[in-house]
Amino acid sequence: MTTFLVGVIITIFFVFGAIWFLVNKRMAIFRKNPIVILSGGGTGGHVYPLLAILEEIKRRHPNYRIIYIGKAGKAEDHIIPKEGLQLIHTWAHPFEGIRNPAKLILCLVITAFGTLRCMIYFLKFPPLWVISTGGYVSAPTILAAIVFKGLFRAPIGIFLHEQNTIPGRVNLLFGKWVDRVFVSFEQTLAFFPENGVVSGYPVRQSIYCGEKKDSPTSLPFSVPSGRKVVFIFGGSQGARTINRAVVEALPYLFPYRHKIFIIHGRGLSKTEVYDAQRDTEARIARLDEEIRRELPNFYYAQDYFYNIQRIYAISDLVVARSGAGTISEIAAMGKPSILIPKSGLPGDHQVMNARAMKQAGAAYVLYENTTHDEGGNLTERIDGQVLAQMILRIIQDSVLLSTMSLCAKSFFRRNASKIIIDVIEGKAVPLDPKKVLASVETPPIWTNGRLLRSLQAAYAKNSSAYTPLEVLKDEDELEYFRYRVGRLLYDPNWEIRNIGVKLVGYLLHRDKIPHLAKMIEDRTPVPWWQRLLGGDYKEVGFIRRNALTSIRILGVFDTTVERAVQKALEDPYYEVRAEACRVIAHFSDMLAGKEIWLKKLLERLKDPSFEVVAEAAVAIGRIGIDNRALEALFSLGTHHFWQVREAALRGILSMLERHVICPSIELYRGLQGFILTSTDFVPHFPIRNTYSAILALCEERIRRRQCPSITDREKLFEENN
Amino acid sequence: MLYWLGNILMSLSDIFSFCRLVNYITFRAIMAALTAVILVLICSKPYIMFLHRRRILDQQRNTGLGLALGKSDTPTMGGILIIGGAFFSLFLWGNLSSSFLWSVVFATTWFGALGFIDDLKKLRKRSGDKGLSEKTKLIAQAAFAVGFACYVTSSLSPLHPREATLLYVPFLKTPLLDLGHGFYTIFIILFVMFVTNAVNITDGLDGLAIMPSIFTISVLGVFAYVLGNKIYSAYLYYPYIPGSGELAIVAAALGGAGLGFLWYNTYPAQIFMGDTGSLALGGAISTMCVLLKQEMLFPILGGLFVAEALSSQIQDKIGVKFIGKRLFTRAPLHHALQYRGLAEPKVVVRLWIVSGILALIALATLKIR
C-alpha cells in the first residue's frame, strides 16, 4: 500500500517536472517568432473586437504568429477563416446555471476536456500572449493558460477584454487570475478593481476611417436632397421588436415624408419563429393605401447592409440595439442615436450600455415593453407612435443633433487597440482602477429586493407625499427600474412576480394598472398537487393581495380597477377580501353613497374571517350615507372579536365626522349596545415615551440647524456600542 | 460534589450519619432545585445590569408585524443564567460519575454554545435576521445528534444494549418495535433537531418558552425517578434503567433555574433567554427523552412545542414559500393567538395552562398503560 502511494507520488512529481521542463523549453524555441493565441466567440460580438486588436498586433509585429481558438459551428468558424487566420477548435459548453445538475456536470466535463485539448495545443505552440474577449467558447483557453501560468510557471501573458458595461460570466470568473482585464466603460472597473484597465472598445480601422468620401450615389437607393436620414436596424439578424415598431411608426412619420428618409435594415432572420422580411412586408401591406403609395419616397428597406459604414455616414440619426459593438460603431461615427436595449440579457448589459450612452448625452433610450401578443405569447413591444414621436423630436432639432453628435464622438475612445497593445507590451502604465472609479459616477444597480426595501421605507415614512424619486437619483433611473419591474410581472416564478407587483406600486408605474387588475381577476388554476396543499390560482393569494395594495398606493380608480376590486371582494383568500375592503375605504371619496359598493360591503359583514368583517365595517363607515350602514355597524356591537367591534365604532366615528349622521337618541341607544371589554390592550411604557420625546426634540432642533449636526449623535451612538 | 463529600464523611465517622440524606434522590433533587432557584435569583440582577452596560440587547427580527413594539433594547442571552445556575447546582448535588448526567450536560453545553454564537452574531450585525444561517444551525444540531445517537447505541451507552434501539410508545406496555441501529440513529437525529428547534420557535413571547419547558422537564424528572427505581419501574411495568435516577436531579436543577429565570422573564420581560437559552433547553429536553426511552411521549408532553413548530414550518415552507398564501392566519401559534386579539400576557398564560394540562396527561401515561 505504502509503496503504491509512494510510487504514485513519484510518478506525479515526475510528470509534473517533465511538463514544466517541456513548457519552458518550448517557450524558448518560439521566442523569436512568438505565438499569440486569440480566443473568444460564440457570437460575432466577441469576435470582431478581437479582429481589431489583431490588426494592431499585425501592424506592430508582422512576425508574430496568430492562432485563434474557437468552437466548431460558431460565429468564429465563419469569420476567422475568411480573415486568413489559423483557427483551431476546442470543446466548450455554455454554463446554464447551477439549478440543473445534469447540465452543470455536462458543462464542467466538456469544459475540462476542452481545457485539456487547449493544454496540448499550448505544449505544441506555447503562446506569448493569450487574449480573449470572453464568451463561453474562450473558457477552456483561458483556463488552460491560467493552469500553465500558475502551475508550471510558464511566462504567458493572459489578457481579457470586456465589451459591455456588465461583464459576462467568463470574464467575471477569470478576471481575478489574469494579468489585465481591459474594459470598454469606466463603470465596469467596479468589477475588476485590481487589474482593470479602461481601453474602450476596439473598432476596426475600416469602420471609422475613409468611406465618408463615398457619395450616396453608390448606394442601391437614392436619398432626395434636403432630407434627414434615419437609419433603423436591429443587428445582422434583425430585431422583431424594432421591425414591427418601424412599420407601426410609418403612419405617424407619413406627414413628415418630405423632411425625412428612413433606411431600414430588417435583418437576415428567416427562422420559423420569425421571418424578418416576410413579417415586415406583411405588416406594411396592412397599412393605408395612401401611405403605401408614398412609401418608396421616404422609406427604403433591405435585409442586410454589407457596407454599413456608408449608411452610417449618410444618416443623421441611428435607431439600433445597444450591443457593445453597435454603440461603439455609432460613437465612432459620431452619430446621434435612439437605443432600444434588448431585454432579458444577463445583467441587463444592453440596458447599461444604453444608459452609459445616454449619460454621455449621445443617445436617447427607448425601453421595450413586455406584453402578450395577439397569440397570447410573451413578447417585447415598442409603441410605434412613441418611436415616431421620439424620432421627429430629435430630427427636427438641429442643435440637439449636433450636440448629441459631439457627445457621441467624445464618448468613443478612438485608440482602444493601441491602448491594449501598449499596456500588454508595458509601453503604457495604466491608471489605478480605484482612482478612475472614484471619478466616475456609477449608478447603483440595486437588486429588486434592495430596491423594494428602500422604497418601502420611504413610503412608510411619509405616505401622503411619497414619490419614488426620494430614493432614486433621477428620472432616468426611475424609467429604467420601471422598465425592469415591468418585466418581472411576466416571470414564471410567482415569488418574482410578487416582488414585481409590489414594486409597480412603489415606483408609481401607473401604466401597469390594467395588468394588475388582470392579475387580480385571473382565475387560472394551479396544478392539483398544489391545490391539495391549499393553493388556488396561478396568481397566488399574495400576488392578488399585493396587487390591490399597489393599486391603493397608485391611487387610480378607473373602470378596470373597479371590476377587479369587485371580483376581489369575492376572492377565496381572506387577505385579498380584506385588502379589497381597504382599497374601497381608501377611495371612499369617489365611492361614498354608491349603492352597489354598500351592498357588496354589507355582504362582507358575514365573512368567516373577522379581519374582512372589520375592514368591511371601516369601509362601510367611510362610504355609507344612510341608516342601513349605521344599523349594520350597530349589529356588530356584540361581535365576538373586539377588533370588529372597534372597527364598527371607527366606522360610526367617520360617519359622524362626515356629517352623514348626527347625535341622536338612536345613535346613543345603538352605542350602548356595544360590548366594550377587550382581550387586548396597547402597553404604555412611560419611560420609553419620555425617552423618545427627548430624541424627537433633538431631531427637530437638528433639523432646524439650532445645534451642531446629526453626525454628533451618530458618533455618540457608535461610541456606545 | 456534596454527594461525594457526604459519602466520604459518612464512611469516616458516625457523627456524619445525617449525610446519608445525600443518597436519597428526592432529597438531592429538592436541594438542587432550591439551589438553582436561589442562585439564579441572586445572580440575575447584577447579570442584567452587566448586559445593559455591555449593551447586549435584543436585536429585533424584521417581521413586518410590529407586534413586538416597546420591546426593543431588552437584554438577551439570559440562557447563560439558566445554564450556569443549573450547572452549578448539579456540580453541588449531582453524582458526577453518572454518564446520564454528563450526557445531558454535554447536550446543554453544545446547544447553548450554538445559541450563544447565533446571539453574538446577531448582536454584531445589529439585526435579528443576520444570525447563523438556518443551514449552519441545522448542521451543528445534526452533528451533535449523530454523535449522540452513536453514543446511545454503542457499547459505551448508559442504556442496556438490548434496550437502546427499542421504540416505546405511550399507553403501550411493550415496546412497539425495534428500530435497529440504522433507523434508530436517523430517528434520534430527526428527534433532537425537531425538539431543539421547536423550543427555539416557541421562545417568542415573554415567559412563553420557559414555563412549558419547566413542565416538560419536571415530568421527565418524575419518569427518571420511576425508571431508575427498581421497585417502581417493576410495579409500573417499565424497563428498569439503572442510574437514570440521576436525571431527576438534572431535571430538578434545570427546572429550578428556569423558575428563577421566569422571575425576571415574565411579562414585561427584563431579560430574554435568547437562542442560548432556548436551544440549550431544547437540547436538554431531547437528550433526556432519548435517555429515558420516552421519545414518543414528547408529542404529548411537549404538545405545545410541537404545535408551535409545525404551524411555523407549515406556514413558512408550504404556505408562504410554495403556494403563496397564508395557511394559518399567523404562525407560529402564539402569533396566531395575538392576531385574534389576545394580549401577550393572556396568550402566554393560556398556553401555560395548555402545556400544564398536556404535562398532566403525559404524567398519567405512567399508570395508564
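The values are calculated or read from the model by the stated rules, or taken from the named source; none is laboratory data. Fair warning: this is a prediction, and the values are worked out from it, not measured in the lab. Glycine gets a Cβ as well: all are built from the backbone with ideal geometry, and neighbour counts include every protein chain shown.
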Review point. Where residues in the stretch A:537-558 are of a type in the set (Phe, Trp, Tyr) and within 14 Å of chain B (Cβ to nearest Cβ), which of them is surrounded by the fewest Cβ atoms within 10 Å (Cβ to Cβ)?
Key: A:Tyr537
Exercise for review: Filter the stretch B:131-178 for residues that are on the phi > 0 side of the Ramachandran plot and of a type in the set (Gly, Ala, Ser) and give the result.
Suggested key: none
Check your understanding: Would you pick out the residues in the stretch A:559-578 that are of a type in the set (D, E, K, R) and either under 30 Å from the mean Cα position of the chain (by Cα) or buried (at least 19 other Cβ atoms within 10 Å of the Cβ) (or both)?
Key -> A:Asp571, A:Glu575, A:Arg577
Review point. For the stretch A:480-536, how many residues meet the condition of being of a type in the set (Val, Ile, Thr), within 18 Å of A:Ser454 (Cα to Cα) and within 14 Å of chain B (Cβ to nearest Cβ)?
Key: 3
Review point. Is it true that some residue in the stretch A:8-19 is closer than 23 Å to A:Phe148 by Cα and in contact with a Leu (Cβ under 9 Å, 6 or more places away or on another chain)?
Key: yes
**Study point:** Where A:Asn307 falls short, out of the listed (1) in contact with a Pro (Cβ under 9 Å, 6 or more places away or on another chain); (2) surrounded by fewer than 19 Cβ atoms within 10 Å (Cβ to Cβ); (3) within 25 Å of A:Leu401 (Cα to Cα)
**Key:** (1)
Review point. When you scan the stretch A:402-429, how many residues do you find that are under 31 Å from the mean Cα position of the chain (by Cα) and assigned to a loop (DSSP other than H, G, I, E, B)?
Key: 4
**Study point:** Enumerated helices (runs of 4 or more DSSP H) restricted to the stretch B:113-216, each holding at least 2 residues that are crowded, with 19+ Cβ neighbours inside 10 Å
**Key:** B:134-153, B:180-202
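For (1) aliphatic (A, V, I, L, M); (2) at pLDDT 95 or above, each residue gets a yes or a no:
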| position | (1), (2) |
| --- | --- |
| B:Ala198 | yes, yes |
| B:Ile214 | yes, yes |
| B:Gly228 | no, no |
| B:Ser244 | no, no |
| B:Ala248 | yes, yes |
| B:Trp263 | no, yes |
| B:Gln270 | no, no |
| B:Ala280 | yes, yes |
Revision key, fill the gap. Filtering the stretch A:667-682 down to residues that are in contact with a Gly (Cβ under 6 Å, 6 or more places away or on another chain) and within 14 Å of chain B (Cβ to nearest Cβ) yields A:Thr679, A:Asp680
Review point. Given the conditions (1) surrounded by fewer than 24 Cβ atoms within 10 Å (Cβ to Cβ); (2) at pLDDT below 95, which single one is not true for B:Leu259?
Key: (2)
Practice item. Could you identify the single residue in A:Val246, A:Val230, A:Val223 that is modelled with pLDDT of 90 or more and over 18 Å from A:Ala282 (Cα atoms)? Key: A:Val230
Review point. Counting just the residues of the stretch B:50-73 that are under 26 Å from the mean Cα position of the chain (by Cα) and at pLDDT 90 or above, which one comes out farthest from the other protein chains (Cβ to nearest Cβ)?
Key: B:Phe50
